[in-house]
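For reference, the structure discussed in these notes is given below.
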Amino acid sequence: MYDVIVVGARCAGSPLAMLLARRGHKVLVVDRATFPSDTVSTHYIHQAGLSRLKDWGILDRLVATGVPPMRHLNFSYSDIYLNGFADPIDGITEVYSPRRTVLDEILVDEARGAGAEVLEGFTVTDLVFSEDRAAGIRGRIGDGPEQEFSARFVVGADGRNSTVAGLVGAEIYRSIPAACFVYYSYYSGLDWEFQHRTGSEPQQFGVWPTHNDQHLVAVMRRRDRLREFRADIDGSFQEIFDQIDPALGADIRANGKREENFRAMSYPDNFYRRSAGPGWALVGDAGYHKDPFTGWGITDALKYTEVLAEKLHEGLSGERSIDEAVVEYVKIRDAESNGTFELTCSLAELSLTPYYDSVFRATSMSPEYTTKFFGLIAGGIPGEEFFAPSNLEKLYEEVGMPADRRILTQS
């Protein structure tokens with residue numbers, strides 16, 4: 001009998017298992033993959049996410065793998081340019097985009113090292129219930145015999161297409177349609193800083209360094225252009241760079257070498273899914289998923305995994321009802337993630353609303369507020385502070401924004 005079984009061993013599951021095992025709980029974490037294992041991802045970890053890895057004693061190990069640091073970011077929205085970096089968060093002055101083959105293996109190893117039992121290559125086929133409570137899992141390794149494991153609590157950390165969510169009937173209670181599709185690959189031969197560039201036509205490219213002296217290179221377009229894009233993937237991919245920034249387009253054509261096949265980032269609509277019930281919870285993309293445009297998937301997984309670990313510990317140690325504690329985790333996650341969710345869904349349309357156009361245009365003319373912008377992106381400045389009407393009024397006054405362009409609230 002385990003205290004907790006965690007289904008899914010990537011950016012939410014392994015940290016959860018690790019944190020619980022460090023508190024003395026008996027944990028089993030299973031995953032259908034065997035590690036190292038790749039997965040579709042933006043790779044990007046914000047300073048707020050790195051601060052979690054630092055607190056857990058993992059960041060130095062990740063940095064030692066040779067993942068390159070980024071200390072200057074370049075954003076553009078049509079003719080609005082925002083270049084700079086956030087102030088330090090918990091002493092962290094850079095960001096990283098590690099390959100998932102590297103990051104996830106480290107996290108799995110840390111879970112195992114903390115005392116959690118890790119079962120790789122295990123596919124969950126069903127949940128065990130006792131008196132209407134989740135009480136374990138059934139599954140198998142490959143074509144092997146079915147195995148059953150019992151636990152006081154089961155957590156689904158198995159991604160946006162969560163098996164656990166399906167088996168408990170967790171419904172989606174908030175949904176915003178996904179606007180775009182993404183294609184990406186890895187290129188050598190580029191000497192670029194971080195680039196996140198959105199054109200006047202609804203399309204975007206993003207480029208940032210990762211392991212092996214390569215850059216992750218990604219493009220986005222609206223979904224209604226997917227068939228056109230697929231008709232000539234190489235040409236369409238290059239066209240987006242040429243149209244948004246001809247100089248960078250020429251550089252990637254002349255010097256960039258694609259090292260792997262293109263990957264299509266196919267994802268469902270943005271959603272919040274019911275994430276707690278009798279004997280079970282969901283964490284990471286299993287319970288809360290949003291567009292990859294802002295790169296907050298990994299960071300949010302790390303952040304709210306820590307919250308769930310604390311609430312599970314309260315329940316397992318007898319401080320309070322475990323189900324009540326986990327419901328509180330969901331309330332915290334929903335309240336704290338709402339701003340990121342709404343900002344991400346809006347920006348992922350690839351067309352700024354008049355409100356965001358006004359705010360970001362003024363921000364680009366203020367070095368101080370530009371640093372705050374990057375603090376917002378990094379998770380160091382709350383959206384309530386950045387977008388506070390009183391602060392925006394001061395910003396507009398500082399940069400001399402015409403009165404008819406000053407929009408203080410999102411309609």
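Structure summary
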read-out: Filter pass, LEU19 being within 24 Å of ASP285 (Cα to Cα) and outside the structural domain of GLN203 (by TED's automatic domain parsing); value: yes
read-out: Yes/no for ARG230 being under 26 Å from THR198 (Cβ atoms) and of a type in the set (Lys, Arg); value: yes
read-out: Filter result for the condition that a residue is surrounded by fewer than 22 Cβ atoms within 10 Å (Cβ to Cβ), assigned to a strand (DSSP E or B) and touching a helix residue (DSSP H, G or I) at 6+ places or on another chain (Cβ under 7 Å), over PHE153, PHE181, PHE129, PHE205; value: PHE181
read-out: Residue tally, condition over 22 Å from HIS211 (Cβ atoms) and part of a helix (DSSP H, G or I), over segment 14-47; value: 7
read-out: Only listed residue being modelled with pLDDT of 95 or more and part of a helix (DSSP H, G or I), chosen from ASP224, ASP242; value: ASP242
read-out: Residues within segment 245-284 that are more than 30 Å from VAL7 (Cβ to Cβ), under 26 Å from the mean Cα position of the chain (by Cα) and not in a loop (DSSP other than H, G, I, E, B), tallied; value: 1
read-out: Residue within segment 98-115 that is assigned to a strand (DSSP E or B) and crowded, with 16+ Cβ neighbours inside 10 Å present; value: no
read-out: Yes/no for ASP90 being out of contact with any strand residue (DSSP E or B) (no Cβ under 8 Å at 6 or more places or on another chain), at pLDDT below 95 and at positive phi; value: no
read-out: Some residue of segment 285-301 being of a type in the set (Val, Ile, Thr), within 26 Å of the chain's Cα centre (by Cα), assigned to a helix (DSSP H, G or I) and over 20 Å from HIS43 (Cβ atoms); value: no
read-out: Residue that is farther than 30 Å from GLY66 by Cβ and either in contact with a Cys (Cβ under 6 Å, 6 or more places away or on another chain) or of a type in the set (Lys, Arg) (or both), where the choices are ARG225, ARG112; value: ARG225
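Listed here are the residues, each with its yes/no results for (1) surrounded by fewer than 24 Cβ atoms within 10 Å (Cβ to Cβ); (2) modelled with pLDDT of 95 or more; (3) in the same structural domain as ASP213 (by TED's automatic domain parsing); (4) within 19 Å of SER175 (Cα to Cα).
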residue: ARG258; (1), (2), (3), (4): yes, yes, yes, no
residue: ARG273; (1), (2), (3), (4): yes, yes, no, yes
residue: GLY277; (1), (2), (3), (4): yes, yes, no, no
residue: GLY284; (1), (2), (3), (4): no, yes, no, yes
residue: HIS289; (1), (2), (3), (4): no, yes, no, yes
residue: THR299; (1), (2), (3), (4): no, yes, no, no
residue: TYR304; (1), (2), (3), (4): no, yes, no, no
residue: LEU308; (1), (2), (3), (4): no, yes, no, no
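Conditions tested, residue by residue: (1) of a type in the set (Gly, Ala, Ser); (2) assigned to a helix (DSSP H, G or I); (3) more than 20 Å from THR409 (Cα to Cα); (4) at pLDDT 95 or above.
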site: GLU314; (1), (2), (3), (4): no, yes, yes, yes
site: ASP334; (1), (2), (3), (4): no, yes, yes, yes
site: SER337; (1), (2), (3), (4): yes, yes, no, yes
site: ASP357; (1), (2), (3), (4): no, yes, no, yes
site: THR363; (1), (2), (3), (4): no, yes, no, yes
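Per-residue answers, yes or no, for (1) surrounded by fewer than 24 Cβ atoms within 10 Å (Cβ to Cβ); (2) over 19 Å from THR299 (Cα atoms); (3) β-branched (Val, Ile, Thr); (4) under 18 Å from the mean Cα position of the chain (by Cα):
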position: GLY8; (1), (2), (3), (4): no, no, no, yes
position: LEU16; (1), (2), (3), (4): no, no, no, yes
position: ASP31; (1), (2), (3), (4): no, yes, no, no
position: TYR44; (1), (2), (3), (4): no, no, no, yes
position: LEU62; (1), (2), (3), (4): yes, no, no, yes
position: TYR81; (1), (2), (3), (4): yes, yes, no, no
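Residue-wise test of (1) acidic (Asp, Glu); (2) part of a helix (DSSP H, G or I); (3) more than 17 Å from the chain's Cα centre (by Cα); (4) not assigned by TED's automatic domain parsing to the domain that holds THR294.
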site	(1), (2), (3), (4)
THR340	no, yes, no, no
THR371	no, yes, yes, yes
ILE381	no, no, yes, yes
SER390	no, yes, yes, yes
LYS394	no, yes, yes, yes
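The values are calculated or read from the model by the stated rules, or taken from the named source; none is laboratory data. Computed from a predicted structure; not experimentally measured. Positions of Cβ are backbone-derived with ideal geometry, glycine not excepted, and every protein chain shown enters the neighbour counts.
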